[in-house]
Amino acid sequence: MGLFSKKGGSAGKRIRIFYMTDVHGSERTYRKFVNSAKFYKVDHLIMGGDIEGKFLVPIVDEGGGHYRVTLQEDLSHLDGDDELKALQERIETLGFYHVVVNEEEIRAMQADQSLVDAAFKKEAHARLERWIALADDRLADSDIKMYVTGGNDDPQELIDLLEASQSDRVINCEGRIVMLDETFPMANCGYSNPTPWDTPRETDEETLEKYLEESLQGIDDFTNAIFNFHVPPYDSTLDDCPKLDWSTDPPAPIVVAGVPQSAPAGSHAVRNAVERHQPLLVLTGHIHESRGLIKIKRSTVVNPGSEYGEGVLRGCILTLEPGKIVGYQMTSG
């Protein structure tokens, strides 16, 4: 008998989970997620990988309450604290970080990438710490916990911060098994197969398969198992995305006769793990545009998609009983 084993025919209560992924630093999307626990009346919140945002936006203080900023290639001039606050909120919704600097500081950052990297890390870590504090506050009068794992875009130092800062309400799941209501063992792995973007936690398929199998150690009965793997199985329709030419910088979409081409970008290693072990449920993400729910043998596989940059929360409510999924609802709002 392994460490985690629960037969499908054993008694156990029905649970409801709400799953979302690929928040990429978006403040508005995350706040909706925290509030969704009570709104959807679920027992557990699960946040998949890619926590960290992608860009740092410097806002230059020109003095006298005047600021300038370049956001998405558009230069804007701001007057007063109200305009500054509105701009900062827009940046946070996009999932970006911001820092107010003077003329000397912006010139120094332009000349020294290490200053940019340090400011980015500081803001990314501060946002994660605020998010954990917010969840602790919003979930304080309930039994609901938030289970969080990283993704390929999340550097190890962010995962380390999540581990160090986790609380009674916010649980770091990366690389370990957690039990949902003593019935459903959930294995977690946020690594991905190679991408065109050279992200912090991507690796070759052989190594990824090793990581996946290591994450499952301790489960010897997969009847009630949940796999929280960031990347969808290869060629599952949940991994369809634009086909890219990796030889260009940045990678460019491949167009044939005026028609953009698409291709599966999921993982063979994930597909192998799902087919080999046939868990009850597989939670994925990574490919934002391939929202859906499918079956691979007995396993239900879901990718709720992501529109984080618009502040839209996409997710999936799943109702589970021992050995079966009794209902699901894709959500967007």
Odd one out for Val101 among (1) more than 27 Å from Val170 (Cβ to Cβ); (2) modelled with pLDDT of 95 or more; (3) out of contact with any Asp or Glu (no Cβ under 8 Å at 6 or more places or on another chain): (3)
Criterion (surrounded by 19 or more Cβ atoms within 10 Å (Cβ to Cβ), in contact with a strand residue (DSSP E or B) (Cβ under 6 Å, 6 or more places away or on another chain) and of a type in the set (Val, Ile, Thr)) met by exactly one of Ile132, Ile106: Ile132
Flag if Asn188 is buried (at least 21 other Cβ atoms within 10 Å of the Cβ) and not in a loop (DSSP other than H, G, I, E, B): yes
One residue from Asp249, Asp240, Asp221, Asp198 being within 24 Å of Pro155 (Cα to Cα) and modelled with pLDDT of 90 or more: Asp198
Of all residues making up the range 140-171, the number that are within 18 Å of Ala37 (Cβ to Cβ) and either surrounded by fewer than 20 Cβ atoms within 10 Å (Cβ to Cβ) or of a type outside the set (Ser, Thr, Tyr) (or both): 14
Number of the exception - Ser267 against (1) in contact with a Phe, Trp or Tyr (Cβ under 9 Å, 6 or more places away or on another chain); (2) surrounded by fewer than 23 Cβ atoms within 10 Å (Cβ to Cβ); (3) not basic (Lys, Arg): (2)
Pairs, first assigned by TED's automatic domain parsing to the domain that holds Pro200 in the range 21-36, second buried (at least 20 other Cβ atoms within 10 Å of the Cβ) and among the hydroxyl-bearing types (Ser, Thr, Tyr), C-beta under 6 Å, six or more apart: Asp22/Ser306; Val23/Thr29; Val23/Tyr30; Val23/Tyr308; His24/Tyr308; Ser26/Tyr308; Thr29/Tyr308
Failed condition for Asp153, given (1) out of contact with any helix residue (DSSP H, G or I) (no Cβ under 7 Å at 6 or more places or on another chain); (2) in a helix (DSSP H, G or I): (2)
Checklist (1) touching a Leu at 6+ places or on another chain (Cβ under 7 Å); (2) touching a residue at least 60 places away in the same chain (Cβ under 8 Å) applied to Ala265, failing item: (1)
Those residues of the range 165-210 which are touching a residue at least 24 places away in the same chain (Cβ under 8 Å), more than 26 Å from Thr319 (Cβ to Cβ) and out of contact with any helix residue (DSSP H, G or I) (no Cβ under 9 Å at 6 or more places or on another chain), in sequence order: Thr195, Pro196, Trp197, Thr199
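The values are calculated or read from the model by the stated rules, or taken from the named source; none is laboratory data. What you see is a predicted model; the values in this text were computed from it and never measured. Cβ atoms come from the backbone with ideal geometry, glycine included; neighbour counts cover every protein chain shown.
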